[in-house]
Amino acid sequence: MKNILVTGGAGFIGSNFVRRMTEKYPDYNIIVLDKLTYAGNLDNLLPVHDAPNYTFERGDIAHRATVERVIAEHQIDTVVNFAAESHVDRSILAPDAFIHTDVVGLYILLDVARHTGVERVHHVSTDEVYGSIEEGFFREGDPLEPNSPYAASKAGAEMMLRAYQVTYGLHTSVTRGSNTFGPYQYPEKIAPFFITEAIDDRPLPLYGDGMQVRDWLYVDDHCDAIDVALHQAAPGAIYNVGGEHELHNIEVTRFILQALDKPESLIRYVEDRPGHDRRYALTNDKIRAELGWTPQHTFESAMADTVRWYQANEWWWRKIKTGEYLEFYKAQYAQRLAEASE
Ligand code: NAD
Ligand code: DAU
């Protein structure tokens, strides 16, 4: 492993991964390929801007000629795919981009990889591919029953990855991470959205009864698991990556409000997300046993650090919350908030 292509490296988790890899592995060359959609942000990569082993390429993973050029020019031997449309609510409003990037984009990456001698493709997937579970925990062999267009696009990607592994012998691996939080997360996902809205004393729109359950994973732990899997996973291996910390959405919201010393009266119960998955939960048994990975951060300390990061880095998020962001905000929340109860 020498020349690693990190697709989607200007996004939230991808940029955390790039910062980690450039520092930890000075002998690797890290090449980022990112389209810079609304979610891609070069500010996320400022800390590595001058690193000698980092290069940025702007481009679409679904554009074959671009992928062929970047893989050839940089003699890529390893691909780690973070590139995706990643927000469930946007997939409900407009699924097209999700099919383009999450399914067609991964297919192009796989196909170019197999024709150019790339040794390994690691794909960053999600626990949402399983669907919702009332009790117990999802295991890697469980059927995929995705419920949102986003989750379906991620499940479709995994199916294509499997086909390239089985049919063409491409060395692939997959990690299915749970709800990830930390610095540099685009403020549309619940944690950074609620933190930044609460800082400005604005209402927090909690969907439905607020009793949905998510498993919370700190971004450093998520990137650590991808690093370990990238180096150790056998061909075709799939690993769950959970934070081992389940919480109801109302509990996450209260934690954020307390950390900011803001009142619970900011909470508004609004109309639910259509097809809203009630609970995500997965077991880490396999990755623990086979790769020795476990989460190192507690939710309490990592979320407290995250809240402090957003307080200290208004320069980063205030300029995001303009233009396209406000259009999405209006489409998503204006009517719901107008009808909401405290
Ligand atoms: P993000 O939305 O913050 O970043 C996505 C990045 O991909 C952006 O930089 C964007 O510009 C880029 N991108 C989008 N379309 C592209 C295209 N066609 N070509 C090249 N680049 C493109 O996402 P994230 O939260 O960092 O998630 C990263 C990956 O991890 C995604 O695959 C997501 O499905 C997965 N995941 C996320 C979470 C989570 O909680 N955030 C949990 C599990 C898995
Ligand atoms: O589980 C992993 C997934 O986690 C990733 O694959 C996705 O990329 C990531 O976006 C995330 O998906 P969720 O839909 O779980 O995350 P989100 O932050 O959008 O919502 C978390 C929960 O909070 C969910 O139950 C919906 C609820 N929510 C969200 C928003 C944005 C609200 O109640 N109000 C909100 O305004």
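The values are calculated or read from the model by the stated rules, or taken from the named source; none is laboratory data. Keep in mind it's a predicted model, so treat the numbers as computed, not measured. Note that each Cβ is placed from the backbone with ideal geometry, even for glycine, and that neighbours are counted across all protein chains shown. Each accessible area value is taken on the protein alone, full model and side chains, heavy atoms only, with ligands, DNA and RNA left out. Shrake-Rupley method; radii C 1.70, N 1.55, O 1.52, S 1.80 Å.
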Seminar exercise, completed: Within the chain, the percent of DSSP beta bridges that are antiparallel, given to the nearest 5, stands at 10 percent
Problem set entry | Distance between modelled label sites at Thr322 and Arg308, nm, 7 Å Cα→Cβ extension | 3.0 nm
Exercise. Of Lys35/Lys330; Lys2/Lys319; Lys286/Lys319, which pairs sit farther than 31 Å apart, going by alpha carbon to alpha carbon?
Worked result: Lys2/Lys319; Lys286/Lys319
Exercise. For the chain, what number results from the quotient of the Cα radius of gyration and 2.2 N^0.38 Å?
Worked result: 0.96
Exercise. In square angstrom, what is the accessible area per residue of the stretch 51-117 with a 1.4 angstrom probe?
Worked result: 41 Å²
Exercise. At 4 °C and 1.567 mPa s, what whole-number value in µm²/s does Stokes-Einstein give for the translational diffusion of the stretch 226-284, with Rh from the Kirkwood sum over Cα pairs?
Worked result: 86 µm²/s
Exercise. Normalised by the residues of the stretch 198-342, what does the relative contact order come to in percent, with Cα pairs under 8 Å and at least six apart?
Worked result: 37 percent
Exercise. Can you give the helix-only mean residue ellipticity at 222 nm for the chain, where every DSSP H stretch with n ≥ 4 adds -39500 (n - 2.57) and the sum goes over all residues, rounded to the nearest 500 deg cm²/dmol?
Worked result: -11500 deg cm²/dmol
Seminar exercise, completed: Expected max-MSF residue from Arg279, Arg318, Arg162 in the GNM of the chain (alpha carbon, under 10 Å) is Arg318
For this session: Please turn the phi angles of the stretch 26-31 into ³J(HN,Hα) values with the Karplus equation 6.51 cos²θ - 1.76 cosθ + 1.60 (θ = phi - 60°), one per residue in order, whole Hz, x for glycine and proline.
Result: x, 7, 8, 9, 9, 10
For this session: Calculate what fraction, in whole %, of the accessible area of the chain sits on carbon and sulfur atoms when a 1.4 Å probe is rolled over the protein chains.
Result: 50 percent
Exercise. Pick from Gly243, Gly105, Gly323: which residue has the top mean-square fluctuation in a GNM of the chain where Cα pairs under 10 Å get a spring?
Worked result: Gly323
Problem set entry | Range of Cα positions in the stretch 1-66 per principal axis (Å), largest first | 29, 24, 18
For this session: Pop a pseudo-label 7 angstrom from the Cα along the beta-carbon direction at both Arg69 and Lys330 and give the gap in nm to one decimal.
Result: 3.6 nm
Problem set entry | Three-way shape call for the stretch 264-304 based on the alpha-carbon gyration tensor, with the a/c threshold at 1.5 | oblate
Exercise. Using a ≥ b ≥ c from the Cα gyration tensor of the stretch 47-112 (square roots of the eigenvalues), is it rounded, prolate or oblate, where a/c under 1.5 gives rounded and otherwise the larger of a/b and b/c decides, a/b for prolate?
Worked result: oblate
